[in-house]
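Remarks on the structure that follows.
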Amino acid sequence: MRKILIGTTNPSKIQWFCELLSEYDVHFYTPEDLNITGEPEETGRTPKENAILKARYYGQFFDSVICNDSGLYFDELPEADSRQPGLNIRTPGGLPRLNDDEMIDYYSRLIHSLGGKVLAYYQNGIAVWHNHKISSFMVDRQASLADAFYMIEKPSPKRQPGWPLDSLSLYRDSLTYFVDEEYDNGDTPTKEITSDEYTRKLIYFLVSSLKLSG
């Protein structure tokens, strides 16, 4: 059995990685499990750079580590626009770190100011530390746009701990909230909203970087 540290305290991200590698003989740990109280500095310019910084930091404590960082982008805003969330999803506009409810309130008001509905997409950077080697994965903007979705000013009453913006996010095809569709299927929502192709590539990257066997 491979023991892997997931370098995050976000419960939804932890569950997401558990599901991605559910077919492999692995056991996951979190920083809390190992009494790791410090946090890495996220000074990268992209999600991938921040994920690498996190993986290198947590690699001090464990042999196999997975880390993730995400950026949120509104397609209608230039990247340099001060309203563009980018890497600062929880600290937009230089604000102190927002909790889940504060994020929903902030982004609801921001989207209202942009007309009540925006096309948005995430860019996810993933990094693996294994045997003192760093590997990283991130698709480009064009590929990320394939999984673009709408965000609207009116939130669903349902909540996804760790991913609060799912309460403001709609699938483009069904125009249903991310959280509503998952709950309607009878499951607690736990996974990133990504295409099958992206998920396939990500699992291949994780399995290859961690040298996992089925």
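Determine whether residue 28 is over 29 Å from residue 204 (Cβ atoms) and among the aromatic types (Phe, Trp, Tyr). For residue 28, the condition - over 29 Å from residue 204 (Cβ atoms) and among the aromatic types (Phe, Trp, Tyr) - is not met.
Are any residues in the stretch 19-31 among the hydroxyl-bearing types (Ser, Thr, Tyr) and either part of a loop (DSSP other than H, G, I, E, B) or touching a Lys or Arg at 6+ places or on another chain (Cβ under 6 Å) (or both), and if so, which ones?
22, 24, 30
Is it the case, given these coordinates, that residue 214 is assigned to a loop (DSSP other than H, G, I, E, B), open to solvent by 40 Å² or more (accessible area, probe 1.4 Å) and at pLDDT below 90? When the stated conditions are applied, residue 214 passes them.
Selection of the stretch 1-13 for residues being surrounded by fewer than 18 Cβ atoms within 10 Å (Cβ to Cβ) and either in contact with a strand residue (DSSP E or B) (Cβ under 7 Å, 6 or more places away or on another chain) or free of Cβ contacts under 8 Å to residues at least 60 places away in the same chain (or both) yields 1, 2, 3, 9.
Are there any pairs, at least 6 apart or on different chains, whose C-beta atoms fall under 6 Å, with the first in the stretch 54-65 and closer than 16 Å to residue 9 by Cα and the second open to solvent by 10 Å² or more (accessible area, probe 1.4 Å) and of a type in the set (Gly, Ala, Ser), and if so, which? Pairs that qualify, where the first residue is closer than 16 Å to residue 9 by Cα and the partner is open to solvent by 10 Å² or more (accessible area, probe 1.4 Å) and of a type in the set (Gly, Ala, Ser), are 65/59.
The single residue among 4, 14, 111, 66 that is in contact with an Asp or Glu (Cβ under 7 Å, 6 or more places away or on another chain), among the aliphatic types (A, V, I, L, M) and not in a loop (DSSP other than H, G, I, E, B) turns out to be 111. Residues that are of a type in the set (D, E, K, R) and either in contact with a Ser or Thr (Cβ under 6 Å, 6 or more places away or on another chain) or touching a residue at least 12 places away in the same chain (Cβ under 8 Å) (or both) within the stretch 74-94 comprise 75, 76, 83, 90, listed in sequence order. Filtered by the rule that a residue be small (Gly, Ala, Ser) and closer than 28 Å to residue 152 by Cβ, the stretch 40-90 gives 70, 71, 80, 82, 86. Restricting the first member to the stretch 151-164 and to residues that are part of a strand (DSSP E or B), and the second to residues that are of a type in the set (Gly, Ala, Ser) and crowded, with 17+ Cβ neighbours inside 10 Å, the beta-carbon pairs closer than 6 Å and six or more apart or on different chains are 151/120; 151/169. Can you work out which of the residues in the stretch 76-87 that are of a type in the set (D, E, K, R) and open to solvent by 60 Å² or more (accessible area, probe 1.4 Å) is modelled with the lowest pLDDT? In this case the residue turns out to be 79.
Yes/no per residue for (1) at pLDDT below 95; (2) more than 26 Å from residue 202 (Cα to Cα); (3) polar (S, T, N, Q):
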site: 89; (1), (2), (3): no, no, no
site: 98; (1), (2), (3): no, yes, no
site: 101; (1), (2), (3): no, yes, no
site: 109; (1), (2), (3): no, yes, no
site: 114; (1), (2), (3): no, yes, no
site: 121; (1), (2), (3): no, no, no
site: 141; (1), (2), (3): yes, no, no
site: 146; (1), (2), (3): yes, no, no
site: 156; (1), (2), (3): no, yes, yes
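Residues of the stretch 165-211 that are open to solvent by 20 Å² or more (accessible area, probe 1.4 Å), modelled with pLDDT under 95, in a helix (DSSP H, G or I) and among the aliphatic types (A, V, I, L, M): none at all.
The set of residues in the stretch 32-60 that are crowded, with 16+ Cβ neighbours inside 10 Å, more than 17 Å from the chain's Cα centre (by Cα) and not in a helix (DSSP H, G or I) comprises 36, 59.
The values are calculated or read from the model by the stated rules, or taken from the named source; none is laboratory data. Worth saying up front: this structure is predicted, and the values here are computed from it rather than measured. All Cβ positions, glycine included, derive from the backbone under ideal geometry; neighbour counts span all protein chains shown. Areas reflect the complete protein model, heavy atoms only, side chains present, ligands, DNA and RNA absent. Shrake-Rupley method; radii C 1.70, N 1.55, O 1.52, S 1.80 Å.
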